[in-house]
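I have placed the structure first, in the form of structure tokens, so that the comments after it can refer back to it.
Just so it is clear, none of the values below were taken in a lab; they were calculated from the coordinates. Because the structure is a prediction, the values reported are computed rather than measured. Don't worry about glycine lacking a Cβ; one is built from the backbone with ideal geometry, like all the others, and counts go over all protein chains shown.
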Amino acid sequence: MADQDTMNVCNEIFVERLKQNDEWGERNHTPLKWLAILGEEFGEACKGELELDDEGFRKELIQVAAVAVAAIESGDRRQMQVAIDEAQKAIQEAPDENHNQGA
Ligand SMILES: [Mg+2]
């Protein structure tokens, strides 16, 4: 069943993400660095295919997908931090409503 096949692959990608977190911890690279890491994994998948290594090809594709997920997570954290920074700046720049009361 196609849905089950998809779930099985997504589960493998999830397990690979957990392995990456165990090995590297939370990584917050720039988009360019993420693309370089993806390029490396993609290159390894290409090598697996060129060497007719079906198992290696598949393993590297799982890693490509897991790195893509990590890059998305990192980008989401970056966007969240931008929103937090903007909110903090707005609070700091807001007029102090209590400043001149009761004088
Ligand atoms: Mg690899």
*Index of the failed condition, Gln63 passing every other in (1) more than 11 Å from the ligand (Cβ to nearest atom); (2) within 21 Å of Lys19 (Cβ to Cβ); (3) within 25 Å of the chain's Cα centre (by Cα)*: (1)
*Please tell me if Glu55 is in a helix (DSSP H, G or I), within 14 Å of the ligand (Cβ to nearest atom) and surrounded by fewer than 10 Cβ atoms within 10 Å (Cβ to Cβ).*
yes
*Residues of the range 17-69 being of a type in the set (Val, Ile, Thr) and in contact (Cβ under 8 Å) with a residue 24 or more places away in the chain, which ones?*
Ile37, Ile62, Val64, Val67, Val69
*Residues (of a type in the set (A, V, I, L, M, F, W, C) and assigned to a helix (DSSP H, G or I)) located in the range 1-23*: Ala2, Met7, Val9, Cys10, Ile13, Phe14, Val15, Leu18
*Could you please let me know if Glu73 is assigned to a helix (DSSP H, G or I) and within 16 Å of the ligand (Cβ to nearest atom)?*
no
